[in-house]
Amino acid sequence: MPILCDHYYIFGTLATQDVYLTWMDGFCSSTRLLRSDHRLSMGLRSGEFPGQGSKISMSAEETRAVFERHRPTHVIHLAAMVGGLFRNMRQNLDFWRNNVFINDNVLQAAHDFDVVKVVSCLSTCIFPDKTTYPIDESMIHNGPPHETNFGYAYAKRMIDVQNRALFQQYGRRYTAVIPTNVFGPHDNYNIEDGHVLPGLIHKTYLAKKEGTPLQVWGSGRALRQFIYSLDLARLFLWVLREYDEVEPIILSVGEEDELSIKFAADAVVEALGFEGDVIYDTSKADGQFKKTASNAKLRKYLPDFKFTPFRAAIKETCDWFVANYDSARK
């Protein structure tokens, strides 16, 4: 039975390579930045992206038809069923089944059509819940993930398994990146189902507009490393062109830049000029307390890479959301 998903693609040229990018209604807004942000034009030689493509079935046959039509040499695979903490808690089975279908379809089609390189997107939530910190790329399969999102986590781990098997059996150098918490323009700002920062931005916007207190779910003590989607897009292009390992690589700010949810909420409040009361609803779950990730491997390759300062990135994101409120996904 085919799984129907909103699976879009954009197609363009990077140097002499035909690049195919997959995404869905979830987020990695780096896809849209790759398409639209002039600051990335240095990475896209001819850079003509015709738009979102079309809604297709995520059956193997439909996926193969897209590869047959475009014959890409390189693929950035971002398509996934994604959601925030509370959606994951409600739909672990859906997250498992849909993502396993999506990932197998894309990776198998890439192999069948002789794609040179696939860069897939994982997440730090795939790491074991009970672990030592900081986590690094060698620890993905060392134990069960956090119970709140085990369906998504196990499905994403299987990308690494499939990449290793494709290399062992066929010599394919397909790899994966592991971003920490991504945020930026074009995110999904749905309060119920979105990730923590876009949800906070939307709630703060409404609280300011309506003159009501801002309610933040959880205690605010949980810790996260946030990466701005523009920075992630730049790193995706580097991985596509330069990174030659099958082993995944964590794309993240440093451990010293790990922030509490309260710090992040305060930054959003400041960026949007909210002056009302902020209330932390401790009846809501915090999720995994911390997922501190090491970016030592990334720094070995790119010691001088400059990340956008968190408050500057939050301000850019909030300004975009306000300016595009009517059309933003929410």
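Odds and ends about this structure:
- Among the trypsin sites (Lys or Arg not before Pro) found in segment 185-261, those both in a DSSP coil and sparsely packed, with 15 or fewer other Cβ atoms within 10 Å of their Cβ, are 221.
- Heavy-atom accessible surface of segment 177-238: percent carbon and sulfur, 1.4 Å: 49 percent
- Once the chain from residue 168 to residue 245 is taken as fully extended at 0.36 nm per residue, the excess over their C-alpha distance is 26.4 nm.
- As a length-normalised measure over Cα pairs under 8 Å and 6 or more apart, the relative contact order of segment 85-218 settles at 27 percent.
- When the pairs 208/330; 117/156; 117/315 are compared against a 25 Å limit on Cα-Cα distance, 117/315 fall above it.
- Taken per residue, the accessible surface of segment 65-183 reaches 40 Å², heavy atoms only and a 1.4 Å probe.
- Area accessible to solvent at residue 68, 1.4 Å probe radius, in Å²: 100 Å²
- Using only side-chain charges placed at the Cβ, +1 for Lys and Arg and -1 for Asp and Glu, the dipole size of segment 97-235 relative to its Cα centre rounds to 200 debye.
- Whole-number percent relative contact order across segment 242-330, with pairs defined as alpha carbons under 8 Å at least 6 apart: 46 percent
- Put simply, the amide H of residue 216, placed in the peptide plane, has neighbours under 5 Å in 279, 280, 281, leaving out anything fewer than 5 places away on its chain.
- Using the Cβ-Cβ distance between residue 112 and residue 191 with R0 set to 35 Å, the FRET efficiency from 1/(1 + (r/R0)^6) comes to roughly 0.30.
- Label separation (residue 215 vs residue 61): 4.7 nm, computed from points 7 Å beyond Cα along the C-beta direction.
- With the simple model of a label 7 Å out from the Cα in the direction of the Cβ, residue 262 to residue 285 spans 2.3 nm.
- Whole-number accessible area per residue in Å² for segment 222-330, which is evaluated in the context of all protein chains at 1.4 Å: 45 Å²
- Cut-off 13 Å (backbone N to label point 7 Å along Cα→Cβ of residue 296), residues of segment 220-264: 255
The values are calculated or read from the model by the stated rules, or taken from the named source; none is laboratory data. This is a predicted model, so every value here is computed, not measured. Don't worry about glycine lacking a Cβ; one is built from the backbone with ideal geometry, like all the others, and counts go over all protein chains shown. Surface areas here come from the heavy atoms of the whole protein model, side chains and all, with no ligands, DNA or RNA. Shrake-Rupley method; radii C 1.70, N 1.55, O 1.52, S 1.80 Å.
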